[in-house]
1. I'm checking my understanding of the structure. Among residues of the range C:168-206 that are in contact (Cβ under 8 Å) with a residue 60 or more places away in the chain and of a type in the set (Phe, Trp, Tyr), which one is farthest from the other protein chains (Cβ to nearest Cβ)?
2. I'm checking my understanding of the structure. Among residues of the range C:118-165 that are among the basic types (Lys, Arg) and part of a helix (DSSP H, G or I), which one is nearest to the other protein chains (Cβ to nearest Cβ)?
3. Of the conditions (1) modelled with pLDDT of 90 or more; (2) more than 9 Å from chain C (Cβ to nearest Cβ); (3) farther than 25 Å from residue C:343 by Cβ, residue B:121 satisfies every one except a single condition; which number is it?
4. Using the structure shown, decide if residue C:168 is charged (D, E, K, R) and touching a Ser or Thr at 6+ places or on another chain (Cβ under 7 Å).
5. Filter the range A:110-126 down to residues that are touching a residue at least 24 places away in the same chain (Cβ under 8 Å) and hydrophobic (A, V, I, L, M, F, W, C), then give me how many there are.
6. If you check C:257, C:209, C:215, which single one turns out to be within 11 Å of chain A (Cβ to nearest Cβ) and of a type outside the set (Lys, Arg)?
7. For the range C:171-208, name all the residues that are within 26 Å of residue C:92 (Cα to Cα), among the acidic types (Asp, Glu) and surrounded by 14 or more Cβ atoms within 10 Å (Cβ to Cβ).
8. Considering every residue within the range C:271-288, establish whether at least one is part of a helix (DSSP H, G or I), surrounded by fewer than 24 Cβ atoms within 10 Å (Cβ to Cβ) and modelled with pLDDT of 90 or more.
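The values are calculated or read from the model by the stated rules, or taken from the named source; none is laboratory data. From a predicted model like this one, the values you see are computed outputs, not experimental measurements. For neighbour counting, all protein chains shown are included, and Cβ atoms are generated from backbone atoms with ideal geometry for every residue, glycine included.
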Amino acid sequence: MSEPIIQMKNIEKHFGSVIALAGVSVDIFPGECHCLLGDNGAGKSTFIKTMSGVHKPTKGEIVFDGKPMNFARPRNAMAAGIATVHQHLAMIPLMSVSRNFFMGNEPIRKIGPIRLFDHEHANTVTMEAMKKMGINLRGPDQAVGTLSGGERQTVAISRAVHFGAKVLILDEPTSALGVRQTSNVLATIDKVRKEGVAVVFITHNVRHALAVGDRFTVLNRGTTLGTAKKGEITAEELQDMMAGGQELAVLEGSLGGTV
Amino acid sequence: MTSKMSKLLASAALVAAPFLATTAVADGHGDDLTYILVSHAPDSDSWWNTVKNGIALAGEQLDVTVEYRNPPTGDLADMARIIEQAAASQPDGIITTLADFDVLSGPIREAVDQGIDVIIMNSGTPEQTREVGALMFVGQPEYDAGLAAGQRAKDDGVESFVCVNHVISNAVVAERCRGFADGLGIDLGESMIDAGQDPSEIKNRVTAYLNANPETDAILTLGPVSADPTILAVEEMGIAGDIYFGTFDLGDNIVAGIKDGTIQWGIDQQPFLQAYLPVVVLANYDRYGVLPGNNINSGPGFVTADGLEMVEKFAGEYR
Amino acid sequence: MADVSHTDERIKQTSRLRQALIRPELGGIVGTVAVFVFFFLFAHDSGMFNAQGVMNWSVVSAQFMIIAVGACLLMIAGEFDLSVGSMIGFAGMMIAIFGVTYELPMWIAILITFAICIAFGALNGYIVVKTGLPSFIVTLATLFILRGFTIFIPQTLERKTIIGGIREAAEGDWLAAVFGAKIGKPIFQWLGDAGVISTFERGSRIGEPVVDGIPMLIIWALGLVIFGHWLLTRTRFGNWIFASGGDADAARNSGVPVTAVKIKMFMFTAFCATVFAVCQVMEFGSAGADRGLLKEFEAIIAVVIGGALLTGGYGSVIGAALGALIFGVVQQGLFFAGVESSLFRVFLGVILLAAVILNTYIRRIITGER
């Protein structure tokens, strides 16, 4: 087992009098999918925003690649290789796949002092990357708006990987998707993990987590109950931890463990 | 039912009319004469309706084709383009206003140099008319009209006045106020207010001015746009008939005001003549080579409570 | 790339026609053809297509193009500028004030005017992106502020609202010539002598052709269209413009400097308005307080006819230029065709409505909405 690429040590984050995170410790390893589970309001998004440089922790330390991390802005985190794929805010429907793929990282072709957008390069790379992920495009100029939700997530993920992400944070990528599209996204996660990227997969769906996860951390009311490895924990136990071990137990029978 | 039906037919005819006119123009080249009148007035200025009726009547009587064009927003730069465009369509003559010499003199001169006869109407001076090479000027010398009005007011005992100007950007119209002040023998000073084009704004500004300057003897408005709201303002303040009120140009409300004593006099520059006479002059010049030897003053004609009958009958149409 | 192994059976193969349909320029191209056919049928013998007539609608269209390029890029970046018309009046007046009232050399007056107007553009942009208010409201405020200054300043300094004498003040000035001169005069003189273009029959310019050169206004219009199209489609910045207008949050998440892009586009719009104003005052020699009224809407209409979406993120500079051409040709052409001038607005409304409906349809196809 290799060294963790990110170590979050005892992270606390306060917003005024509200304690969003009360001492959370998590280690993220390359080539693994780390599932971060939790109900709404558990502190998941605060936690990943802290990891991606949007928030500064009130207390605690983040170690990235063996060095203490202190990113002033999300752009710096991105440059260092920490990429976040948001559920809705990833793609621009009216723009072509190729323009979306290179948005913010446009390839440049220089003619003397003039710097041009290298469309040829962008189109080739996009088509290749899409093919690798199993998406068939009519052409690189096809608008993202014509893709399904799952395909859009896949484009966003492969874009992040293409631009050298070492840590890929996926914010609820499956929550709005149908069964088939979900399995496509989960397959994409699997491919990315095998390329050695550390994936942080945020979800509140236990079955999605168990399908691809290597490690599982449950957040509840700003604290964690520790991290479990694959095979050490069952769906029921995760479900219980997410709900704080009480309320859901009553409903368990009627829902048949399908939540 | 019948009235509905006839209204329907009338509106159908109205929609079809411009297209019928189109065919008339297309067929009209050759034996027919075509004259284009270009004004500086925005679409919203109803005073120019008389001008439209004037050229239409002249066109009908003389059997020539006439067209009326104007910049929709009153932008003089757009008007310059319309003159250029009118020249490009090679009419036999162009009748145009000269609202801003700097902007319009170039296009007008070019039209003249292409061999198109031009008559300046309404706005402009005899000197400017000569300078652009137009045949003549048909209109009311604005300063002289203002001066005559000022002298008349002075004889009636007026010592101070407010000039309600709704077209502050038109330098020629402002000459009316200057002439009036000179006729009274006083300095124009702060007596001219920029009233804007909106009726309720004009009314409020006049009310505000008169409240702030209660010693004002007289009001001079420069056209129906400023006169109509001013009539309401003096009525509301209870000084209608008390305050000396003169106006340029005529309109339905102005005529009513003259009749009931709110307005002492209206200066009629007779826009009908400004449109009608140039067409007559041009048509006779083109057909028989005859041309009057001087500019034609279409005004000023003072309209008072005496002899309102004809004015009333044709107000807004030919008067 | 061509060996697509297995296609999704639910995606119908789209025909070339349908692919052509979703180009933003489509409406503009169809409209341009339709408009020219219409006027060729109804006004071919009215002088509309002689040299002078062509120059007339070309100049009017070029004016629209100059402001449409700015409005187009700004609209694609997701914002509006309603202060364009006021900016035109204001810029012209500034040149008159600095060049005539204060008697500065004309090139300095022009440069100062550009600096002031672009600064106002930047202020518009800064307020919009920093407050998050709709640009509609912010620039509406600027519309009134600038128009107010345009009336107040000359009234205070000169006691009038039209300042003339600019042509005389600009005599021999190199920068003024960049905006007000005409080029290609020898060619037109030759065409005039050859009888291709009619010549003046009398006056001081007898023998000269009625169209004696191409005004710099048209050169500026073409130059701005080419620049705008190049910027939008061929550069990285162009991608950022699309991204900022398509979804500002998504663009920010991907590292696009949305704030800077939007502010720069507001500045560019102000630049275009100032170019319009300088060309106008150099041609006509005077600046008036009422110049440029309603031009902001004319610019937006041209852009919308040209296929840009009001919601941002989609559009084309070439389309906007065609929209401006349609606008100019219709406006002048209706006069040539002898149609009652008040009906111009009716035609404009119909064209605008048709363009918006077509655009909505195109948007549905692109985004796959049903």
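1. Out of the qualifying residues, it is C:174.
2. Our first condition is that a residue be among the basic types (Lys, Arg); within the range C:118-165, this holds for C:130, C:147, C:159-160.
Now narrow it down to the ones that are part of a helix (DSSP H, G or I): C:130, C:147.
Numbers: C:130: 18, C:147: 12 Å.
By that ranking, first place goes to C:147.
3. (3)
4. In short, no.
5. Qualifying residue count, the range A:110-126: 2.
6. The unique qualifying residue is C:257.
7. Residue satisfying the conditions is C:173 alone.
8. Scanning the range C:271-288 turns up at least one residue that is part of a helix (DSSP H, G or I), surrounded by fewer than 24 Cβ atoms within 10 Å (Cβ to Cβ) and modelled with pLDDT of 90 or more.
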